[in-house]
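What follows is a short report on a single structure.
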Amino acid sequence: MKNWTVGVPDRKTVSSLVFGCQVSSLTAAALAAKGYTSPECVAENLNIDELSDPFLIKDMDKAAETINSAIDNCEKICVYGDYDCDGIMSTVILTSYLTEAGADAVFYIPERSEGYGLNKNAIDKIHDDGVSLIVTVDNGISAISEAEYIYELGMRLVVTDHHQQGDSLPKAEAVVDPHRHDDESPFRHMCGAGLALKLTAALDGGDYTFAMEQFGDLAAIATVADIVSLTGENRYLVTEGMRLIDNTDRPALMALKKVSGIDNKPVDSSSIGFGLAPRINASGRFGSPRTAAELFMCEDYDEALRIATELDRLNNQRKSAENDIISEINEMIDRDPSLVRKRVIFICGKNWHHGVIGIVAARIEEQYGKPCFIASDSDGEVRGSARSFGDFSVFDALTYAKDALSKFGGHPGAGGFTINKGMTEQFGQLLEQFAAENHEPMPLFSITADSPVTAQELTFQNVEDLSKLEPYGMGNEQPLFYIENAAVTEIRGMGNGSHSMIKFRFGTSEYTAKMFRTAPEALPVAGGDICKMIVTLGINEFRGNRSIDILVKDIRPQLFEQNRYFSALRSFEAMTRGEKLPNLNFYKKMLPSQQEAALIYKSIPEKGISPERLFMKLNAPDINYAKFSSAVEAFRQLGLISVSSGGQFISKAAVTKKADLFSAPVLAFLRQVIG
């Protein structure tokens, strides 16, 4: 369960934006929630209609001069990319431009097994191929020793990158990176492909006409996929790119749209982020990134469709591997709930595919609301990825645990690591130690609604108006709205039953909402309940019919008391970790009586129920969530219930003999402490 915050935008600001920007009250509320206080502020940040001069970026002039000179001198040029979507699109953009310009150009994208960035084995291959100039895209800023090696072999280097500079710059003819310490360009949040597009414009004298017509679509895909800020110039780039994708005659995009199921739909940031980009990324995760690059350089539709179909197959393989790992993790949690009662989730498995470990970490983080570190032991090498939120820094945690690591890197929200042989358990202990020393209490996984929405505001016209805020992404997230006092009339499963369709009455109208990755039995509400929810709003068109598209991000009963719930949950988990609670009263409030435990057990229906739904259904003032959790844990320890899907569903087990409730370790411990 997530921690909710509901914003209430200033009414005067909303009114000013409604009339000044000619938008609906919903759109104005979303703008106000993002910090826009006036129509002028909105225009300055969102109504960008051009890209800044590429030569304002440090060393761009040197890069263009070096590359153009190499073209004129018939030198062989190698574009060196990366295996993710941004790196692949960057490679295609620059290689295609150089080829069009008559250059002797090749490209090299390292396989995932080679690791990120320049490596000496690849440099040797490139040298043996007769290359005299290497141009990096989406990498290179940290390749200090590799750059020296390039010059030792008699080649030259131009770096274009968008990652942070370290203490020093690599040796190169030019280092183009807006994050250079001495760069003063006006916009610093371009992805690698955005910079590659700017480089092609610079090679063309600074004019963006050809660059945008030829490569605006590819740069837009990479900008969405790489989760860079969708403000300023990126907003313009993605807006123009979506227009190009909508009207594309590029065989690769026509084929990729077809296999993604979006060939007859308007393109938006969501269809890029969840349709096109994952299939491009799948090539670097489960195949070769070269496959995706070749798709975008292909000029024959039938061949493009063949390659796109292969990328779709790889993406399905990726989803299958991801779901298999998550199922395995949930089974591990069912057997040992302590895995998710710690301050930090750290789980290590055998031979999990490294290409999806990061995605898995993000999903487990959201599912259980805790910083998550997922690792895989493959042939004795333990590597992993981490995701976090709030003020818990992944990078700081990894730095704290560095004695157990042979390699690590990242930033506050995410990171990667390799554990020293035989130190996996110690690494987990160090993570817990870091969390206990630096986070008391631990941050809660939170979701923030931009504004409440009334039944009167939920109209086609108002919801349609929200599209003016597109494209959505980091820095310009899709607005979230708070709906309260909605009467649930029906809940049923969708697809294979792992998603939910929720029908509800709000005001005088009935609506249908969808909640993905949550089965009906895992919801904390049921038919007949009055609920509140945080949702996104859009328009759905299907076979000529239009409806308001409501996607539920979280849902709970109307009378749910959030602060009491999280306080009790924290106390229970602290107790299970062996941490000392503030005073004896905490333990007393956690120990259920025989009658309270019996009530909880009898309330479990034959078909089973989610713990949160059961707790709320009890509606017993004397049973707080910590006491409820102690009773449920006792039932589990005694074999009276089975717990599945990582603790999200409980059902009664077949019982052949009576059990002494207070012989359960959790209750025996509480009695011992209380005395």
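Things to note:
- Rounded to the nearest 10 degrees, the inclination of helix 301-335 to the longest alpha-carbon principal axis of the chain is 30 degrees.
- The alpha carbon centroids of segment 573-593 and segment 176-202 are separated by 54 Å.
- Cα pair distances exceeding 25 angstrom across segment 371-513, given as percent: 54
- Of the residues F389, A375, T399, the one whose Cα sits farthest toward the positive end of the charge dipole of segment 363-405, with +1 on the Cβ of Lys and Arg and -1 on the Cβ of Asp and Glu, is F389.
- Long-range amide H partners of I539 with built H, under 5 Å: D549
- Debye log10 I(q)/I(0) for segment 473-575, one point scatterer per Cα, at q = 0.16, 0.18, 0.21 Å⁻¹: -0.79, -0.95, -1.16
- Pairs with C-alpha atoms separated by more than 29 Å, drawn from the list K553/K580; K532/K658; K553/K588; K2/K514; K2/K265, are K553/K580; K532/K658; K553/K588; K2/K265.
- Given charges at Cβ of Lys, Arg, Asp, Glu: segment 211-363 dipole, positive-most of A252, I345, L295: I345
- Judged by the mean number of other Cβ atoms found within 10 Å, the most tightly packed of the peptides 579-590, 403-414, 352-363, 461-472 leads the ranking 352-363, 461-472, 403-414, 579-590.
- 0 to 90° range, to nearest 10: angle between helix 562-576 axis and the chain longest Cα axis: 80
- Protection proxy ranking for 660-668, 492-500, using the average of other Cβ atoms within 10 Å per residue and placing the highest first: 660-668, 492-500.
- Across every pair of non-identical alpha carbons in segment 255-404, the mean reciprocal distance, once inverted, gives a Kirkwood radius of 17.2 Å.
- Across segment 45-188, Cα-Cα pairs more than 28 Å apart make up 14 percent of the total.
- Taken along its principal axes, the alpha carbon cloud of segment 151-251 reaches lengths of 47, 28, 23 Å, longest axis first.
- Between helix 11-21 and the chain: long-axis angle, C-alpha atoms, 0 to 90°, nearest 10: 30
- Equivalent-ellipsoid semi-axes of segment 210-257, from the Cα gyration tensor, Å, largest first: 18, 12, 8
- Euclidean distance of C-alpha centroids, segment 424-446 and segment 12-49, integer Å: 40
- Rh (Kirkwood; distinct C-alpha pairs) - segment 14-83, Å: 16.1
- DSSP bridge analysis restricted to the chain gives an antiparallel fraction near 65%, rounded to the nearest 5.
- Taken one residue at a time, the phi angles of segment 342-357 give Karplus couplings (6.51, -1.76, 1.60, θ = phi - 60°) of 6, 5, 10, 7, 10, 10, 10, x, 9, 6, 6, 5, 5, x, 10, 4 Hz. Gly and Pro are set to x.
- Summed side-chain charge close to S90 - residues other than S90 whose Cβ falls under 9 Å, Lys, Arg +1, Asp, Glu -1: -3
- Estimated [θ] at 222 nm from DSSP helical runs (n ≥ 4, -39500 (n - 2.57)) normalised by residues in the chain, nearest 500: -13000 deg cm²/dmol
- Here the Karplus curve 6.51 cos²θ - 1.76 cosθ + 1.60, taken at θ = phi - 60°, turns the phi angles of segment 526-531 into couplings of 9, x, x, 7, 9, 10 Hz, with x standing for Gly and Pro.
- Size of charge dipole - the chain - debye, nearest 20, with Cβ of Lys, Arg +1 and Asp, Glu -1, no other charges: 4360
- Amide hydrogen neighbours beyond the local backbone of D554, cut-off 5 Å, H modeled: I534
- Cut-off 14 Å between beta-carbons: net charge of the residues surrounding I650, Lys and Arg +1, Asp and Glu -1: +1
- For segment 93-149 versus segment 203-220, the gap between their alpha-carbon centres in whole angstrom: 22
- A simple count of charges around A401, restricted to other residues whose Cβ falls under 13 Å of its Cβ and scoring Lys, Arg +1 and Asp, Glu -1, yields -3.
- Stokes-Einstein D (µm²/s) once Rh is taken as the Kirkwood radius of segment 533-631 over alpha-carbon pairs, at 20 °C in 1.002 mPa s: 133
- Test item: Cα-centred dipole of segment 163-223, Lys/Arg +1 and Asp/Glu -1 on Cβ, debye: 140
- Value in Å of the Kirkwood radius, where the chain supplies the Cα pairs that are averaged: 27.5
- Assuming charge only on the beta carbon of Lys and Arg (+1) and of Asp and Glu (-1), the dipole of segment 570-660 about its Cα centre is about 80 debye to the nearest 20.
- Protection proxy ranking of 91-97, 312-318 - average other beta-carbon atoms within 10 Å, highest first: 91-97, 312-318
- Whole-Hz ³J(HN,Hα) from phi, Karplus 6.51 cos²θ - 1.76 cosθ + 1.60, for segment 108-125, glycine and proline x: 9, 10, x, 5, 4, 5, 7, x, 6, x, 4, 9, 5, 4, 5, 4, 4, 4
- With an a/c value under 1.5 for the gyration tensor axes a ≥ b ≥ c computed over the alpha-carbon atoms, segment 104-153 is described as rounded.
Readers should treat all values here as calculations from the given coordinates under stated rules, not as data from a laboratory. Bear in mind the structure is a predicted one, so any value in this text is a computation, not a measurement. Ideal geometry is used to build each Cβ from the backbone, glycine not excepted, and the neighbour counts take in all protein chains shown.
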